[in-house]
Structure formats: C-alpha cells, structure tokens
Amino acid sequence: MKFTPTNLDGCYLIEPNIINDERGYFMESFNKKSFQEGVQQEVHFVQDNQSFSTQGVLRGLHYQRGEHSQAKLVRVLSGEVLDVAVDIRPESATYGQHFSVVLSGEKNNQLFVPRGFAHGFLVLSEAATFFYKCDNYYNKESEGGIIYNDENLSIDWHFSQQKLIISEKDQQLPMFSKALQVW
C-alpha cells in the first residue's frame, strides 16, 4: 500500500497495490502492521460500519468528542463519493483546515482520518456503498457535528446545493465556531 500524507497533520490517503489478471483483481485492503507503519501511529479498530446512499446524499460533518473520539479508515466499495475531513483539534497546526478527495470503488483508495477530525461525504455517483473502520465505539452522548456549508471552512462540495439530500438532523448542525465550544 502507498501512504500519502495530506495537508492535514495525521491524515493519510491510502492507495492499494492491486494485482490484476484474467480472473479480475486481488488487493489487500487492510494489514495492521503495514497500516500502522504507514500512518506512523498505533491504531486498534473495534467497529466496522457500512452505509448505502444515492446520488446527492451528504452525510456529515460528524465527530465524537472526548474519550469517545474516533479515528476512521474510510473507503467506497461501490460508486464514488467526495470525502471530507476537517481538523478540529485546537492545538493542531492545521486546525480549521479541511482535505477532500474522491474515493471510489473503482480506485479502491482509502482515507485515514485520525481522532480529532470531523468527517463527511457526498455521493457523486448514482449510488454508493461506503465502508469505514473505527477505533472506538459510537457513543450517542458524545456525538457532534458541523454544518456542511460553513463559510469559514469554505468546502467546495462540487455539487449543486439545490440537489443535495441532507437529513434534518444534519441541516441543524452548528457552525464550526459554535460546534467546538463544547469540544
């Protein structure tokens, strides 16, 4: 696997080594030893999650606070999404900055999002199956979020805002500055 650091401290884009032949392909999607060497930290995943969404669905930007914060290894099994990570660690040199990348089932690329980040994605294809590993269990009382269109974050979702499909809950998320007052 190839690990490429993003502009956000601790966040990595991961590209697999894909072996193609007449039968199809083979790839290693996760190997604990090479993963921990690649992201230069020890991570112990405890939960896998999967979602299916149609074009225009935007999920996020979500995070878990305090002892329940989560690192995530995210990828798309089928389809294509714009994946976004936002550094919400006040002590970080990249605090308030974001990174976005197109993840697809065709490329099999992944993004490692460390603890202390908000995360979200937008489905660009007709539909997408999104998969992610978490290093901590979900805790409802610790969930938080940031509104997707916060002007201070200036995230370009590369999609018509009129065509977005966003849950009522995600439409009510606070701005970056308000969300992190309870971090």
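Do the conditions hold for His44, that is, is it touching a helix residue (DSSP H, G or I) at 6+ places or on another chain (Cβ under 9 Å), of a type outside the set (S, T, N, Q) and not in a strand (DSSP E or B)? Yes; evaluated as a whole, the condition is true for this residue. Listed conditions (1) modelled with pLDDT under 95; (2) buried (at least 21 other Cβ atoms within 10 Å of the Cβ) are all met by Ile146, apart from (1).
Could you go through the stretch 76-86 and let me know if any residue there is charged (D, E, K, R) and modelled with pLDDT of 95 or more. Yes: the stretch 76-86 contains one or more residues that are charged (D, E, K, R) and modelled with pLDDT of 95 or more. Of all the criteria given as (1) surrounded by fewer than 14 Cβ atoms within 10 Å (Cβ to Cβ); (2) closer than 30 Å to Lys178 by Cβ; (3) within 18 Å of the chain's Cα centre (by Cα); (4) not charged (D, E, K, R), the one not satisfied by Gln97 is (1).
Screening the candidates Phe117, Phe112 for the property of being out of contact with any helix residue (DSSP H, G or I) (no Cβ under 8 Å at 6 or more places or on another chain), buried (at least 16 other Cβ atoms within 10 Å of the Cβ), at pLDDT 95 or above and aromatic (Phe, Trp, Tyr) yields one hit, Phe117.
Figure legend. Inter-residue proximity from the stretch 117-130: first residues assigned to a strand (DSSP E or B), second residues aromatic (Phe, Trp, Tyr) and surrounded by fewer than 24 Cβ atoms within 10 Å (Cβ to Cβ), beta-carbon distance below 7 Å, spacing 6+ or different chains. Indicated pairs: Gly120/Tyr148; Phe121/Phe130; Leu122/Trp157; Leu122/Phe159; Ala127/Phe52; Thr129/Phe52.
The values are calculated or read from the model by the stated rules, or taken from the named source; none is laboratory data. Remember, it's a predicted structure, so these values are computed and weren't measured experimentally. Every residue, glycine as well, gets a Cβ built from its backbone with ideal geometry; the counts of neighbours run over all protein chains shown.
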